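Asker: Let me begin by handing over the structure; questions about it come next.
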Amino acid sequence: MNDDTLQPCTEAAGNADELIILATTRMPYGVHKGKLLIDLPEHYVVWLAGEGFPAGKLGEMLRTVYDIKANGLEYLFEPLRKIKP
């Protein structure tokens with residue numbers, strides 16, 4: 001996959017490599033264990049935000065998913081869904 005495919009996403013979030021990691025990371029626990037972070041239901045991500053995101057990289061990625069979903073920018077995930085985990 002070339003960087004042109006990710007152009008709309010990288011303009012919004014900054015780093016294509018980080019977005020690829022985000023797009024291929026699965027939720028490691030809970031009700032949605034095994035689901036790609038970008039495919040988590042919005043209500044679940046909002047609930048996590050209210051409870052407090054976990055520390056570390058996972059928390060940062062979940063916060064990014066939350067920010068994108070809460071601001072109606074989910075279309076940014078579309079090119080990322082074509083990346084094979």
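All of the numbers you see were taken from the coordinates with simple rules; none came from a lab. Given the structure is predicted, the values throughout are model-derived calculations rather than measurements. Ideal geometry is used to build each Cβ from the backbone, glycine not excepted, and the neighbour counts take in all protein chains shown.
Asker: Looking at the stretch 10-60 only, could you name the residues that are closer than 19 Å to Ile83 by Cα, part of a helix (DSSP H, G or I) and more than 11 Å from the chain's Cα centre (by Cα)?
Answerer: Result: Thr10, Glu11, Ala12, Ala16, Asp17.
Conditions (1) surrounded by fewer than 16 Cβ atoms within 10 Å (Cβ to Cβ); (2) over 18 Å from Asn15 (Cβ atoms); (3) among the charged types (D, E, K, R), marked per residue:
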position: Lys35; (1), (2), (3): yes, yes, yes
position: Asp39; (1), (2), (3): yes, yes, yes
position: Pro54; (1), (2), (3): yes, yes, no
position: Glu60; (1), (2), (3): yes, no, yes
position: Leu76; (1), (2), (3): no, no, no
